[in-house]
Amino acid sequence: MLNRDTAYELLTKYNKSQALITHALAVESVMKYFAEKKGEDKDYWGAVGLIHDIDYELYPNEHCHKSKEILEMEGIDSDTIQSVISHGWGLCYDVEPVKEMEKVLYTIDELTGLVNATVLMRPDKSIMDLEVKSVKKKFKSKGFASGVNREVILKGCEMIEMDLDEVILWTIEGMKIEAEALGLKGE
């Protein structure tokens with residue numbers, strides 16, 4: 001089974017962009033938080049979060065398609081590959097998230113970007129006291145972080161049977177754990 005060391009090694013083998021690495025760390029942290037809350041294997045969920053965009057830097061126009069090839073070449077098991085590629089469902093790939101972990105990854109991938117952008121707009125640049133209502137206000141503002149697909153987040157909330165406020169809260173809490181590594185601890 002995929003572990004954190006292997007996942008991080010793969011992430012940094014195929015991605016040199018600090019922004020992509022930081023995004024992967026954010027997704028890892030949130031995936032671990034959700035796993036813990038749901039009584040799942042947080043190390044495995046986190047490792048999948050780390051490699052979910054493994055192909056994005058090298059093949060942005062073939063996202064998820066190249067992930068499958070890369071991960072097969074690296075000897076990663078088919079269940080893990082399924083979990084990675086399913087986060088692109090309806091966007092760039094036709095594999096639907098089925099397992100709970102896949103549904104969570106699908107839901108929070110875009111949301112971590114919105115939370116990050118919200119924090120960076122704050123005067124203190126800190127996630128430590130960020131409230132759900134602040135993120136929700138930005139969520140409703142279509143012009144803010146316009147690259148964030150809000151429909152995916154809402155569809156994901158339905159899939160994991162959680163309301164948006166709770167998903168935002170858990171995402172914030174998950175990102176707080178690694179706030180320093182994510183550059184969100186504040187000035």
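Readers should treat all values here as calculations from the given coordinates under stated rules, not as data from a laboratory. Note that this is a predicted model, so its numbers are computed, not measured. Note that each Cβ is placed from the backbone with ideal geometry, even for glycine, and that neighbours are counted across all protein chains shown.
Where in the chain are the helices, taken as whole DSSP H runs, whose Cα atoms extend 27 angstrom or more along the long axis and whose Kyte-Doolittle mean reaches at least 0.0?
Helices passing the filter in the chain: 18-38, 100-121.
For the range 110-187, what relative contact order do you get, as a whole percent, if you take Cα pairs closer than 8 Å and at least 6 residues apart?
Values: 73 pairs, mean separation 38.1, N = 78.
About 49 percent, as a whole number.
Summing +1 for each Lys or Arg and -1 for each Asp or Glu, what net charge is found among the other residues whose Cβ lies under 14 Å from the Cβ of Tyr8?
-3
For the chain, set up a GNM with springs between Cα atoms under 10 Å and report which of His87, His52, His63 has the largest fluctuation.
His63
Taking the Cβ of Met128 as the center, what net charge do the other residues with Cβ under 9 Å away carry, scoring Lys and Arg +1 and Asp and Glu -1? Kindly include the intermediate steps, with their values, before the conclusion.
Numbers: positive: Lys176, Lys185; negative: Asp124, Asp129.
Here the charged neighbours net out to 0.
Given a 10 angstrom Cα cut-off, can you work out which residue in Val84, Val95, Val119 is the most mobile in a GNM of the chain?
Result for the chain, Cα springs under 10 Å: Val95 fluctuates most.
Quote the relative contact order of the chain in percent (integer), defining contacts as alpha-carbon pairs under 8 Å separated by 6+ residues. Each step should come with its number before you reach the end.
On the way: 283 pairs, mean separation 43.6, N = 187.
Relative CO of the chain lands at 23 percent.
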